[in-house]
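Engineer: Sending over a structure as structure tokens; questions will come in a sec.
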């Protein structure tokens with residue numbers, strides 16, 4: 001029956017695809033805890049994400065070597081600011097990177113200390129300046145010590 | 001010992017063991033619960049505390065390897081300024097990566113608007129982050145099973161499996177998803193899954209000096225964030241979409257979109 005030949009071709013194709021699928025799709029791909037609608041996936045992908053590199057370590061990591069600076073910061077109004085906010089992510093310092101950059105730009109301080117008159121926000125309670133009027137050509141660290149958050153030296 | 005005696009003793013013995021085991025479960029149920037330790041990650045944002053410094057955005061981009069100069073971000077901070085005559089201005093220049101260092105509102109297309117202090121009725125900052133919805137529409141639409149929800153409630157993207165069709169990016173009512181410019185796959189906030197599963201805070205939570213961002217486990221009644229969500233007045237974004245978002249806000253306003 002030559003009219004059935006296309007049907008055989010299609011059936012053969014289906015079989016080939018089904019066989020190929022068992023090799024291509026990983027064993028852990030399927031329906032997991034949240035059911036077909038929300039968790040139809042490759043389980044090993046969870047581990048991929050869990051193994052993602054942690055870069056921000058927190059100030060407890062810093063205090064073993066830089067105890068003096070951490071202590072100084074702790075007793076200042078800047079105690080709420082993490083070391084890495086200004087110095088960048090630690091990653092595996094001191095092996096990688098060997099040195100962390102020290103950002104001494106105005107823009108860093110202005111993130112919080114540009115005066116913005118915003119009621120219903122804590123921002124208005126922070127002592128701020130008008131960056132266009134307050135020594136626009138100078139760097140903040142020339143007069144202010146960021147670790148002490150003190151008035152000008 | 002005859003057969004009858006042996007059987008009686010066996011039944012008594014088994015009943016005794018079963019009772020002891022059952023009592024252990026009944027008398028100390030909290031231990032049985034603790035062993036299961038159900039986890040459902042939730043987020044709490046206090047918009048009153050946010051000062052718009054943008055350290056969260058900086059930390060997120062560096063922690064998660066989102067190209068720093070590209071105008072895409074897993075999280076951002078929006079500024080809302082509402083004038084006394086009811087006009088609403090909102091901006092988030094560079095996703096607030098460098099914070100808000102000027103009173104000028106970025107209107108887009110290179111236009112700016114200065115709003116005088118006297119004109120301001122209310123003004124505040126709103127940090128935005130993936131809502132890790134209980135019913136995530138972005139997950140439902142994925143045709144290949146590359147995005148999914150974990151048992152602890154976080155929606156993740158399988159970078160090896162994603163074909164980059166972009167359906168999920170269109171499906172999110174909150175605009176949280178984008179294309180990763182390097183990996184060419186869908187990208188989104190995952191509450192720093194690599195950190196929370198190790199017991200440390202997400203990078204944005206660590207970086208926030210005002211504790212405006214907090215993460216918690218809603219299934220643990222002792223969790224401080226869960227306590228706030230259960231006992232105080234909190235809101236979620238766009239509840240009308242039926243996505244059941246799990247990022248709770250203190251001090252949202254109707255102007256926030």
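The values are calculated or read from the model by the stated rules, or taken from the named source; none is laboratory data. Every value quoted in this text rests on a predicted model; they were computed, and no experiment measured them. Cβ: placed from backbone, ideal geometry, glycine included. Neighbour counts: every protein chain shown.
Engineer: Quick one: would you say residue B:121 is more than 21 Å from residue A:35 (Cα to Cα), out of contact with any helix residue (DSSP H, G or I) (no Cβ under 6 Å at 6 or more places or on another chain) and facing chain A (nearest Cβ under 10 Å)? Spell out how you get there, then give the answer.
Structural biologist: Values: more than 21 Å from residue A:35 (Cα to Cα): yes; out of contact with any helix residue (DSSP H, G or I) (no Cβ under 6 Å at 6 or more places or on another chain): yes; facing chain A (nearest Cβ under 10 Å): yes.
For residue B:121, the condition - more than 21 Å from residue A:35 (Cα to Cα), out of contact with any helix residue (DSSP H, G or I) (no Cβ under 6 Å at 6 or more places or on another chain) and facing chain A (nearest Cβ under 10 Å) - is met.
Engineer: Now a separate question. Considering only the stretch A:44-147, give the helices (runs of 4 or more DSSP H) lying wholly within it that have at least 2 residues that are more than 30 Å from residue B:105 (Cβ to Cβ).
Structural biologist: A:44-50, A:59-63, A:67-74, A:83-87
Engineer: Determine the pairs where a residue that is within 7 Å of another protein chain (Cβ to nearest Cβ), located within the stretch A:99-124, has a partner that is in a helix (DSSP H, G or I) and exposed (fewer than 13 other Cβ atoms within 10 Å of the Cβ) with Cβ atoms under 9 Å apart, the partner being 6 or more residues away or on another chain.
Structural biologist: A:117/B:117
Engineer: Could you run through the stretch B:43-58 and say how many residues are under 19 Å from residue B:131 (Cα atoms), in a helix (DSSP H, G or I) and within 10 Å of chain A (Cβ to nearest Cβ)?
Structural biologist: Qualifying residue count, the stretch B:43-58: 1.
Engineer: Sort through A:93, A:32 and tell me the only one that's surrounded by 11 or more Cβ atoms within 10 Å (Cβ to Cβ), within 11 Å of chain B (Cβ to nearest Cβ) and farther than 26 Å from residue A:142 by Cβ.
Structural biologist: After applying the criteria, what remains is A:32.
Engineer: Can you tell me which of (1) touching a strand residue (DSSP E or B) at 6+ places or on another chain (Cβ under 8 Å); (2) more than 8 Å from chain A (Cβ to nearest Cβ); (3) at pLDDT 95 or above is the one residue B:137 doesn't meet?
Structural biologist: Every condition holds for residue B:137 apart from (1).
Engineer: Please work out which one of (1) over 26 Å from the mean Cα position of the chain (by Cα); (2) buried (at least 16 other Cβ atoms within 10 Å of the Cβ); (3) in contact (Cβ under 8 Å) with a residue 60 or more places away in the chain is the condition residue B:90 fails and give its number.
Structural biologist: (1)
Engineer: On to the next question. Kindly indicate whether residue A:29 is over 26 Å from the mean Cα position of the chain (by Cα) and touching a residue at least 12 places away in the same chain (Cβ under 8 Å).
Structural biologist: yes
Engineer: Take the residues in the stretch B:147-171 that are farther than 22 Å from residue B:67 by Cα and part of a loop (DSSP other than H, G, I, E, B), then tell me which one is nearest to the other protein chains (Cβ to nearest Cβ).
Structural biologist: B:151
Engineer: Answer yes if at least one residue in the stretch B:206-223 is within 10 Å of another protein chain (Cβ to nearest Cβ), part of a helix (DSSP H, G or I) and surrounded by 22 or more Cβ atoms within 10 Å (Cβ to Cβ), and no otherwise.
Structural biologist: Taking every residue of the stretch B:206-223 in turn, at least one turns out to be within 10 Å of another protein chain (Cβ to nearest Cβ), part of a helix (DSSP H, G or I) and surrounded by 22 or more Cβ atoms within 10 Å (Cβ to Cβ).
Engineer: A follow-up question, please. Consider the stretch B:59-69. How many of its residues are touching a strand residue (DSSP E or B) at 6+ places or on another chain (Cβ under 9 Å) and more than 11 Å from chain A (Cβ to nearest Cβ)?
Structural biologist: 1
Engineer: Considering only the stretch A:77-86, state which residues are surrounded by fewer than 16 Cβ atoms within 10 Å (Cβ to Cβ) and either more than 8 Å from every other protein chain (Cβ to nearest Cβ) or in contact with a helix residue (DSSP H, G or I) (Cβ under 6 Å, 6 or more places away or on another chain) (or both).
Structural biologist: The answer is A:77, A:79.
Engineer: Among (1) surrounded by fewer than 17 Cβ atoms within 10 Å (Cβ to Cβ); (2) at pLDDT below 95; (3) in contact with a strand residue (DSSP E or B) (Cβ under 7 Å, 6 or more places away or on another chain), where does residue B:256 come up short?
Structural biologist: (1)
Engineer: Can you tell me which residues in the stretch B:172-186 are farther than 18 Å from residue B:140 by Cβ and in a strand (DSSP E or B)?
Structural biologist: Residues satisfying the conditions are B:178, B:179.
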